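Scroll down for the structure; my scribbles are underneath it.
The values are calculated or read from the model by the stated rules, or taken from the named source; none is laboratory data. What you are looking at is a predicted structure, and each value in this text was computed from that prediction instead of being measured. Every residue, glycine among them, receives a Cβ derived from its backbone with ideal geometry; neighbour counts consider all protein chains shown.
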């Protein structure tokens, strides 16, 4: 029997959800390594009230790994958000389930493992660290902001470059996450917010070294749009430079969208000072570059009760998975 290729997806939120949703349909061994610095919305409220690690990104990965079997209600349960109800409005049901399991087991990784068994998921999910941390960003003007939500949707004037990212306090990589990275055949970074979904994993002590010691090829999926609070005017090359700086090694493959973004979507992003990531990559890069239409066909509008700023545009899970598996 042919051994399944081991793929590790590093990130958080909707980016990992998209990649995992597509890849779970293929005969590969999947592991998601998830950032734990989220501090906004339902996750932030539960984190404040219970003192546990944020569960929102892990919940999205759980939903992504639910196999299609004609009954989609498990995924709907994990993604369901209350739009009314005193104390419940804005909360996500999947977040509440994971919080309850964490309270029962006194262990966030154990809670995710049990949820994976309950919902019969295909794949593993590990937090990048089990330490309770906050994200810390230092900007080019010397200003420092603590808290992922405050970095993602800054109260200060946006458009400033982040020159240093760290956590408070410092934290070490979760051993099972480290082992998964070291044993991987392929590591996927992105898509996702650069400074609040991808890089928070790489600034954890031990992650960079584990990736450097891994024989895995590394794929980076370039974001579709810039984000004013994090990546104002960032080009594809700007994203890649930041990724490689934090990795301490070169990328092997880069996936870049060429699909045309509808004017309706561009106008929605323009209101938030977000623009398409400019393709300034040359064909003689140190990595293999795949330019294709990776866009999902539909605009994604946020659900009722959701108070956070969300992306309207997503990569297509199927298009990404097809491109990635063709490289194995």
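Contact map, the stretch 162-184: residues that are under 30 Å from residue 233 (Cβ atoms) paired with residues that are at pLDDT below 95 and part of a helix (DSSP H, G or I), Cβ distance under 9 Å, separation 6+ or inter-chain. Pairs shown: 162/151; 165/151. Scanning the stretch 1-14 for residues that are touching a helix residue (DSSP H, G or I) at 6+ places or on another chain (Cβ under 6 Å) and either modelled with pLDDT of 95 or more or not in a helix (DSSP H, G or I) (or both) turns up 8, 9, 10, 11, 12.
The number of residues in the stretch 1-34 being in contact with a strand residue (DSSP E or B) (Cβ under 7 Å, 6 or more places away or on another chain) and either in contact (Cβ under 8 Å) with a residue 40 or more places away in the chain or crowded, with 24+ Cβ neighbours inside 10 Å (or both) comes to 21.
Would you mind stating whether residue 219 is modelled with pLDDT of 95 or more, touching a helix residue (DSSP H, G or I) at 6+ places or on another chain (Cβ under 6 Å) and within 26 Å of residue 29 (Cβ to Cβ)? Please lay out each step first, then the result.
Numbers: modelled with pLDDT of 95 or more: yes; touching a helix residue (DSSP H, G or I) at 6+ places or on another chain (Cβ under 6 Å): no; within 26 Å of residue 29 (Cβ to Cβ): yes.
Taking the combined requirement at face value, the residue does not satisfy it.
For the stretch 132-199, please list each of the strands (runs of 3 or more DSSP E) lying entirely inside it that holds at least 2 residues being modelled with pLDDT of 95 or more.
So the answer is 134-139, 162-168, 186-189.
Scanning the stretch 100-131 for residues that are in contact with a helix residue (DSSP H, G or I) (Cβ under 9 Å, 6 or more places away or on another chain), assigned to a helix (DSSP H, G or I) and farther than 26 Å from residue 169 by Cβ gives 100, 104, 114, 115, 116, 118. Restricting the stretch 42-79 to residues that are touching a strand residue (DSSP E or B) at 6+ places or on another chain (Cβ under 9 Å), at pLDDT below 80 and part of a loop (DSSP other than H, G, I, E, B) leaves a set whose member that is surrounded by the fewest Cβ atoms within 10 Å (Cβ to Cβ) is 72. Any residue in the stretch 299-328 that is more than 19 Å from residue 40 (Cβ to Cβ) sitting within a Cβ distance under 6 Å of a residue that is at pLDDT below 90 and surrounded by 13 or more Cβ atoms within 10 Å (Cβ to Cβ)? List the pairs, counting only those 6 or more apart or interchain. Hits for this filter: 299/312; 314/300. Look at (1) in contact with a helix residue (DSSP H, G or I) (Cβ under 7 Å, 6 or more places away or on another chain); (2) touching a residue at least 40 places away in the same chain (Cβ under 8 Å); (3) under 23 Å from residue 56 (Cα atoms) and you find that residue 226 fails only one, number (1). From the list 264, 241, the one residue that fits, being over 19 Å from residue 15 (Cα atoms), surrounded by fewer than 16 Cβ atoms within 10 Å (Cβ to Cβ) and free of Cβ contacts under 8 Å to residues at least 12 places away in the same chain, is 241.
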